[in-house]
Amino acid sequence: TPPETVLRARQIALACGLRHVYVGNIKHFEAQSSYCTGCGARVIGRDWHLLSTWQLSDFGNCTICGTQFAGRFSGLPGDWGRKRLPIRI
């Protein structure tokens, strides 16, 4: 899929009211990241498979304004890099 198509799909999703929309498999720092809906801060910065920013508390709150994020959080993220971990669903 061309990067322009992926970025356009992200813009459409955001315009429709979806939150925390980010892209993968393309190099685009802004679009790969997740932003707080309370204050707009980048709370999860991604650079391909690496995390460059982590602004969430142990309980999933934005460390800047306190907005709660949906999901399961338990402290700081691991240092996985490009490694893969097989899981069974």
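Output the residues belonging to region 50-86 that are loosely packed, with under 11 Cβ neighbours inside 10 Å and closer than 25 Å to Pro3 by Cα. Answer for region 50-86, where residues must be loosely packed, with under 11 Cβ neighbours inside 10 Å and closer than 25 Å to Pro3 by Cα: Gly81, Arg82, Lys83, Arg84. Within region 67-89, the set of residues being closer than 21 Å to Tyr22 by Cα and either of a type in the set (Asp, Glu) or at pLDDT below 85 (or both) comprises Arg72, Phe73, Leu76, Pro77, Gly78, Asp79, Trp80, Gly81, Arg82, Lys83, Arg84. Looking only at residues that are within 15 Å of the chain's Cα centre (by Cα) and assigned to a loop (DSSP other than H, G, I, E, B) in region 50-62, which one is farthest from Ser34 (Cα to Cα)? So the residue we want is Ser57. Within region 35-66, the set of residues being at pLDDT 95 or above, polar (S, T, N, Q) and closer than 19 Å to Gln11 by Cβ is empty. Considering only residues in region 8-49 that are of a type in the set (Val, Ile, Thr) and not in a loop (DSSP other than H, G, I, E, B), the one that is surrounded by the fewest Cβ atoms within 10 Å (Cβ to Cβ) turns out to be Ile12.
Within region 64-87, the set of residues being without any contact (Cβ under 8 Å) to a residue 12 or more places away in the chain, outside any strand (DSSP E or B) and in contact with a strand residue (DSSP E or B) (Cβ under 8 Å, 6 or more places away or on another chain) is empty.
Of the candidates Arg84, Arg72, the single residue that is under 15 Å from the mean Cα position of the chain (by Cα) and of a type in the set (D, E, K, R) is Arg72.
The values are calculated or read from the model by the stated rules, or taken from the named source; none is laboratory data. Since this is a predicted model, take the numbers as computed values, not measurements. Because the Cβ atoms are built from the backbone with ideal geometry, glycine has one as well, and the counts that use them run over all protein chains shown.
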